[in-house]
Each structure stands twice: as C-alpha cells, then as structure tokens.
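Asks: Have a look at this one before I ask anything.
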Amino acid sequence: MTDETKPVDGLSEAEAKAELERLAAELARHDEAYHGKDAPIIPDAQYDALKRRNEQIEARFPALVRIDSPRFKVGAAVAEGFSKITHKVPMLSLDNAFNDEDVRDFVNSVYRFLGQLPDQSIAFTAEPKIDGLSMSIRYEQGKLVTAATRGDGTTGENVTANVKTISEIPNTLPAGAPSVVEVRGEVYMAKEDFLALNARMAAEGKQTYVNPRNTAAGSLRQLDSSVTASRKLKFFAYAWGDMSDMPADTQHGMIETFEAWGFPVNPLTKRLGSIEALIEHYNAIGLARAELPYDIDGVVYKVDRLDLQARLGFRSRSPRWAIAHKFPAEKATTKLTAIDIQIGRTGALTPVARLEPITVGGVVVTNATLHNAEEIERLGVRIHDTVEIQRAGDVIPQILRVVESPANAVSFDFPKICPCELKTPVIREETAGGMEGVIRRCSGEFACPFQRKEHLKHFVSRKAFDIDGLGEKQIEFFYGDKTLPINQPADIFTLRERDEANGLQRLKNRDGYGDTSAQKLFDAIEARRTIALDRLIFGLGIRHVGEQTAKTLARAYGDWASVHEAALAIANGDKAAIEEMDALDDIGPAVVEAIGRFFGEPHNTGMVDNLTAQLTILEAEKPAQDSPVAGLTVVFTGSLEKMTRDEAKAMAERLGAKVAGSVSKKTDILVAGPGAGSKLTKAQELGVRTMDEDGWFELVGVTPGG
Ligand code: IVH
C-alpha cells in the first residue's frame, strides 16, 4: 500500500512507482464509474487532483511512465455488451479556456500560427458546449448505418439500435447528400425530462440519477433499446467525421447543411470576428444559461474557414483551431441542517452536510461533501449555518463558505468512536512522513461491517490466497448470503462442511453453480488450506502491509507463531518488539504502527485466530546464505523468455538477493532480456555487471524449469 498524501518531491523512486501504479488503478476505476457506468464517485475537482498528482510524478520520474498511464486516456474504454466501432476519423477532445485571457491567447495563437496579422480578421463560430455525450452517426448512400460513442477517441461503442430510437436524428438523408457522411454532435437529455424521469424512478422506489448528462449516457448504454426509446433523448449536430464530399467550406456552412438535412442545430450559434465579440457572446449565453432547457458547461469557439482549420491541424488530443471557454461552477446559497458521517470501503469516515433542498443548475442538491474534520474547521461551518455551495458538473457539491451563522448554530464534534456496529475507536491517520494526515478511519479494519467485504476481496486476490473460482464476483455472492455466507476469511475454509450440512439447499443447486463447479470451488479452497506465510500476512489486508512488506516479515520471523507473537507484543506497546520490527529493511514506523493497531483490535485478532485454526501455514523459506547472489541487489529488465517476472523475483529472493525495480549505484547485477532499454544503458554507464537470462542461470547454477 502507498502513502497517498506524501508530497511528490519527497517520493523515492520505489514509492513513485507504487504510487503511479495505484493512481493508474484508481483513475481507471473512476473512469469506469464516470464513463462506463455513468455514475461518478468523486467530484471532478478531486479527479483532476489525482490526475495532476500522476502527471507531477511522471514529470519527476519520466522513466517510470506506465504504458497504461492515465495521461494517455481521452475517455472511457468500450463498455462490455456493445460491439466496437473504430472511428475512421478520431473523435478528439477540446482544450479549455477558463478566463478572457485564455481566450485572447487562443485567438492570438491562431493568428500567429497562420502568420496573419490580427487586423486581417479571421472569423470564428461560437456555440454552446452541450453537456451530454458525443456521438458519431454514419450514413452510407443516405441511410443511417452505424452510430458510435466516442469511447477512447479511437474506438467507441456501437449503439446504433439505441440511436435509431432518438426521433430528432434522421434515419435518412435527403437526395444529393454525399454517399458517405458522418455527422457528429451531442446526445443530451433536457432538464425537464431528467426531472420527470427521476420523479418517476423515485416513485417506483428505484435509484435516481445524478444529472442529465449521466442519465443520457446511461440511457444510451441500455442493451434493450426500448428503454432508450422511453428516455426522450435529444441531439445537436456540430461536427463531422468521415465525409466522401464536403458540402460546405466553413463551420457555419456545415451547420447550415446539417440543419437542411433535418438535424437539430443549436440556435445560439453565431459567427463572430473579434475577441471582444466572442467574449460578449459568451457572457450573453452565460446569462441565459439557467433558463436554457438543457445543461451547457461553456462556449466552444472554432475557426470558421475549413481551409484554415486544415492548416492549423491538431495537437495530440485536441484541434488547434478550437477551444472550449468553460463557465465557472454554479453556486447557490442554502441552509445546512445536519452533518452525518459516512463510512467508506476503506473505513474512512467522511462528513456529509445535509442541506435544505436547493436547485443548482437544474439539479436538486440536498447533500454536500465536507471531506474531513479539517475542512469543517477550515470553513468554520456549524449546523444551522447558511452556506454557499458550488456544483461544477459534480456528483457531490462542495461547500464554499459560511454566509451567515445564526445564534442557535451548533458546532459539530467529530466522532471519536466509529458509528459502525463495533463502536471501535476512530484513528487519525499519520502519513509515513510523520505528518498528521487528515483521514480518520474506523480501526475495525477486517471486522468493520463497512470494510469487511473489501477486505475479503483482497484476501482472495491473486497475490494473497488466490483461490480459483473465488474472486470479487463470488465474494459479492457469498457475502451476507442467507444459506452459505462468507463473512470472514475462516468461513471460506468451512464452506464445504457447512454446505454439506445444508441438505437440499446445497451450493450445487444454486443459480450459477452446478455439481462440477461447486466441487471445483471446494477443491480450490482445499488446495489453499496450506498457505505460504507471506501470502497469509499479505492477505490480512493490514494497512501499509503490501506484498513486499509481507515477504520481509515472513522472512524475518520465519513462522506464523513468531509473527503473531511479535504483532501482539507490538499491540501491547512492547518496546523491544517495536524496535525489532522497525529495524527490518524496508519497514518503517507506519507499518509497525498499523500492525500494532490491527492486532490491538479484539475483533481482528478473533478473526485471525478463527482463520489460522483452519490453516496449515508454511514456514518461510530461509534465504540461502551461500548462494553466489546472496546479499546482492538484482534488477530484471526487458522481456524475460524463460521465466515470468514473478518467478525471476521469487528465485532471486530465494537465493538471498534483493530485487530492485530500477538501476542505481547500489545495483550489483542487471539481468536484461530482449528489448531492454534505458535500464540497460544506465547499468552500462554505471559499470553494473550485466547478463542475459542464460548468464543468470549459469551464475546461480539453476536450469530453467528445474
Ligand atoms: S467540437 C474536434 N462543439 O465537448 C473537436 N464539442 O470537451 C470536436 N461538446 O467531445 C468537438 N458541445 O462531446 C464541439 N459545440 C460543440 C460541443 C462539443 C459539446 C463536447 C463534445 C466533445 C467535448 C470536448
């Protein structure tokens, strides 16, 4: 596990690597939530902060940039259930301008690029930036053939059947239209239709949607197009992709053509000739915004002449001839009626402000996030205060400031005891650097009902118990199940026994299982009843105890009894035990403290005892002292052909070597497979001993597979 709050400047290379891995996974999860499921889980600002952190770390450690770096992603990958369509012309994104200065810079850069003087007026179109989702609709010989979402910009989802249900989009083009036409624009839901749909959903006791944009996206991703048809989606055409012929030579000419072909185009689109005129139109649209029947989040300026657009061309992800001038976030004032505590999957306690309902940009807001106790303090906010809130296309609006504090305002005391059923103490987390963190967590960890499911998923994950046929999906199935629950790790190992006692209600008779699959699952569980010590330690999911730390602990203490004894002693504040663990390579105070905390919580120790009673725990292999690589630091790079990375690492560690991720003066050996790049060059520069896989096998006296 990595420290999410450590300043980028203070990260070591290993920490940076781990942090980039964590950020890639976390941002992918948010991308999936936002684009894939149309249900974002964090505000845009928080998402942007994660992205920025990723970029800052990449800038400091360019050699660590990952192939799947979040920086390279435009939108969402294709969702499951729809076939893919590769866009003949990529669907790009737009650069943003946040103030008049940015707009001036944009216009001036267009003039500069074209080598034209500012007085030789270049015309721009200015059109509202619709807050929906972009769509590319292809017509061949005048007939609608496919419709695709943007996806990652190159490949989108084939949503043709659903788009055909949108009555505003013509199914055929008039005679005379080019033989291949791709019309692009925004599918959106009108504010009115969104509110009516949500009222209906609420009346039926169903989950309501967050905002029109996510609802439109969700409505398009329905596998059943009759659902899409019931959602009253709308469309504005504003761009194009593949065209066999161009029917016009300007942006506004193209829009007029789309209108003539029967597409809705936005009535607020204007063709203008100066920076001042663009900004004036932006301000006018801003004033009209609240009254518009649909959500917009800015104004898009585009160079009008298509020949100039072609000369300006593109940067990697956006055109040089267009920019989106964004509106500031929408604000409103309301009363804060209460502060509740929510517990997240990692046990973090988040205060949530309950508000008197207020409409902000067409969305009724009743909650706002307060992030943490420090934020409450910073804002000086108290219950009954009148507060200013902001919604920036976010899920959870934020509180900006206190406008008025009445005499009866009440301060909020952050709970010291978790509101979860365990009533365990809440811990203010310290970061690895010793700085006080701002996250408060329930100390119940595995035992906390809010965290248990996530912990169980971690417990069965690949680097922990790795049980075939028992992954995240199955934990969802078994957790809290009425007949055959897995509510704590020990339950996994009593599953067969309890199943046999269930008589007719056996697992093999349940949906998704049969005789063979149930048997397979029990066999896979049985195979893991004997487990390596490091996997067990890692599987417990103790904060800050990652795979490497678990290995270090296993190797240092040798067997479970010794690890357990040390952990309990640390929990009891035993100084010698704390110092002993703290002295281990790669183990710092944050780890020792987390272990002490985990084993100081009776719910956790009970859970651990139940589990270990079910297991045969292997002793850690003592690293060889006499191997030719004992005590040396080894780096593997390039593509290994005779062993996997994990195997190579395990072998080196077994032989007493330390495996590092990057080359430095401390590196003793670099094992380079084909395609090795910068690490090999660096090793050569530093005079590090370098060999290929065969050289390695020869050195350690092991034959591959042997
Ligand atoms: S032009 C090559 N015009 O904004 C540029 N985009 O941030 C093509 N959008 O993906 C886009 N209204 O989903 C353009 N009038 C408008 C727009 C618009 C909304 C969206 C579109 C695009 C995103 C870029």
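Asks: So what is the 222 nm mean residue ellipticity for the chain from helices alone, if each DSSP H run of at least 4 adds -39500 (n - 2.57) and you divide by all residues, rounding to the nearest 500 deg cm²/dmol? Don't jump to the answer; show the numbers that get you there.
Replies: Values: 25 runs with 246 residues, N = 706.
Mean residue ellipticity at 222 nm (helix-derived): -10000 deg cm²/dmol.
Asks: Tell me the relative contact order for the chain as a rounded percent, counting alpha carbon contacts under 8 Å between residues six or more apart.
Replies: Working: 1257 pairs, mean separation 63.8, N = 706.
Across the chain, relative contact order equals 9 percent.
Asks: With a 1.4 Å probe and every protein chain left in place, work out the accessible area per residue of the chain in Å², rounded to a whole number. It would help to have the intermediate numbers written out before the result.
Replies: Numbers: 33390 Å² over 706 residues.
Spelled out: the 1.4 Å probe surface of the chain, per residue, equals 47 Å².
Asks: At what distance in nm do the modelled label points of Ser664 and Asp694 sit from each other, each positioned 7 Å from its Cα along Cα→Cβ?
Replies: About 3.4 nm, to one decimal.
Asks: Something else now. For the stretch 46-51, take each phi angle, set θ = phi - 60°, evaluate the Karplus expression 6.51 cos²θ - 1.76 cosθ + 1.60, and give the result in whole Hz per residue in order, putting x for glycine and proline.
Replies: Taking θ as phi minus 60°, the curve returns 5, 4, 4, 5, 5, 4 Hz for the stretch 46-51.
Asks: Run the 1.4 Å probe and let me know the accessible area of Tyr301, rounded to the nearest 10 Å².
Replies: 0 Å²
Asks: Next question, about the same structure. What net charge do the residues around Ala576 carry, taking every other residue with its C-beta under 13 Å from that of Ala576, with Lys and Arg at +1 and Asp and Glu at -1?
Replies: Details: positive: Lys575; negative: Glu565, Asp574, Glu579, Glu580, Asp582.
After counting each charged neighbour, the total is -4.
Asks: P(r) for the chain: what percent of alpha-carbon pairs falls in each 10 Å bin, starting at zero?
Replies: 3, 11, 18, 22, 20, 15, 9, 2, 0
Asks: Within the stretch 484-526, find all residues whose amide N lies under 13 Å from a label point positioned 7 Å from the Cα of Phe477 along Cα-to-beta-carbon.
Replies: Zone members listed by number: 484-486, 507-522.
Asks: Computed FRET efficiency, Cβ-Cβ of Val145 and Gln56, R0 25 Å: what is it to the nearest 0.05?
Replies: 0.05
Asks: On the accessible surface of the stretch 538-668, probed at 1.4 Å, how many percent belong to carbon and sulfur atoms? Before the final figure, lay out each step's value.
Replies: Values: 3030 of 6170 Å².
Carbon-and-sulfur percentage of accessible area, whole number: 49.
Asks: Of the listed pairs Lys129/Lys270; Lys302/Lys326; Lys129/Lys331, which have alpha-carbon separations greater than 21 Å here? Can you show the working numbers first?
Replies: Details: Lys129/Lys270 13 Å; Lys302/Lys326 14 Å; Lys129/Lys331 19 Å.
Cα-Cα > 21 Å for no pair; all within.
Asks: State the extension gain, in nm to one decimal, for the chain segment bounded by Thr530 and Arg401, taking 0.36 nm per residue of separation less the distance between their alpha-carbons. Provide the component values of the computation, followed by the final result.
Replies: Values: separation 129, 0.36 × 129 = 46.44 nm, distance 5.66 nm.
Stretched fully, the Thr530-Arg401 segment lengthens by 40.8 nm.
Asks: If you stretched the chain out fully between Glu579 and Gln684, how much longer would it get, using 0.36 nm times the residue separation minus the C-alpha to C-alpha distance? Working shown, then result.
Replies: Working: separation 105, 0.36 × 105 = 37.80 nm, distance 3.91 nm.
Length gained between Glu579 and Gln684: 33.9 nm.
Asks: What lysines could a cross-link reach from Lys482, if we take a straight Cα to Cα line under 30 Å and drop same-chain neighbours fewer than 8 places away?
Replies: Counting by Cα, and skipping residues close in sequence, Lys482 has these lysines nearby: Lys37, Lys206, Lys423, Lys453, Lys457, Lys463, Lys473, Lys508, Lys520.
Asks: Now for a separate question. Relative contact order (percent) for the stretch 449-537, with alpha-carbon contacts under 8 angstrom and 6 or more residues of separation?
Replies: Numbers: 79 pairs, mean separation 25.7, N = 89.
For the stretch 449-537, the relative contact order is 29 percent.
Asks: Nearest 0.05, what FRET efficiency do Asn108 and Gln342 give at R0 = 51 Å with Cβ-Cβ as r? Could the numbers behind the result be given before it?
Replies: Working: r = 47 Å, r/R0 = 0.93.
Efficiency at R0 = 51 Å is approximately 0.60.
Asks: If contacts are Cα pairs under 8 angstrom and at least 6 residues apart, what is the relative contact order of the stretch 477-587 in percent?
Replies: Numbers: 69 pairs, mean separation 14.7, N = 111.
13 percent.
Asks: Moving on. Quick one: 3J(HN,Hα) in Hz for the stretch 527-535, Karplus 6.51/-1.76/1.60 with θ = phi - 60°, rounded, Gly and Pro as x.
Replies: Per residue, the Karplus-derived 3J(HN,Hα) values read 5, 9, 5, 9, 9, 5, 4, 5, 5 Hz.
Asks: Separate question: In terms of the ratio Rg/(2.2 N^0.38 Å) built on C-alpha atoms, what value belongs to the stretch 284-343? Let's see the in-between values first.
Replies: Numbers: Rg = 19.2 Å, N = 60, 2.2 N^0.38 = 10.4 Å.
Relative to the 2.2 N^0.38 Å estimate, the stretch 284-343 comes out at 1.84.
Asks: Please report the net charge: other residues with Cβ closer than 11 Å to the Cβ of Arg150, K and R +1, D and E -1. Each step should come with its number before you reach the end.
Replies: On the way: positive: Arg184; negative: Asp152, Glu157, Glu186.
Residues close to Arg150 contribute a combined charge of -2.
Asks: Set the Förster radius R0 to 51 Å, insert the Cβ-Cβ distance between Lys84 and Glu291 as r into 1/(1 + (r/R0)^6), and round the FRET efficiency to 0.05. Let's see the in-between values first.
Replies: Working: r = 40 Å, r/R0 = 0.77.
Efficiency, rounded to the nearest 0.05: 0.80.
Asks: Continuing with this model, one more query. Where Lys and Arg each count +1 and Asp and Glu each count -1, what net charge lies around Glu168 among other residues with Cβ under 13 Å from its Cβ? It would help to have the intermediate numbers written out before the result.
Replies: Numbers: positive: Lys164, Arg231, Lys232, Lys234; negative: Glu186, Asp193, Glu259.
Once all neighbours under 13 Å are counted, the net charge is +1.
Asks: Carbon and sulfur: what percent of the stretch 121-233's accessible surface (1.4 Å probe)? Intermediate results must be reported in sequence, preceding the final value.
Replies: Working: 2080 of 4270 Å².
Reported share for carbon and sulfur atoms: 49 percent.
The values are calculated or read from the model by the stated rules, or taken from the named source; none is laboratory data. In this text, all values refer to a predicted model and were calculated from it rather than measured experimentally. Please note: Cβ atoms are built from the backbone with ideal geometry, for glycine as well, and neighbour counts cover all protein chains shown. Heavy atoms of the whole protein, side chains included, go into the accessibility calculation; ligands, DNA and RNA do not. Shrake-Rupley method; radii C 1.70, N 1.55, O 1.52, S 1.80 Å.
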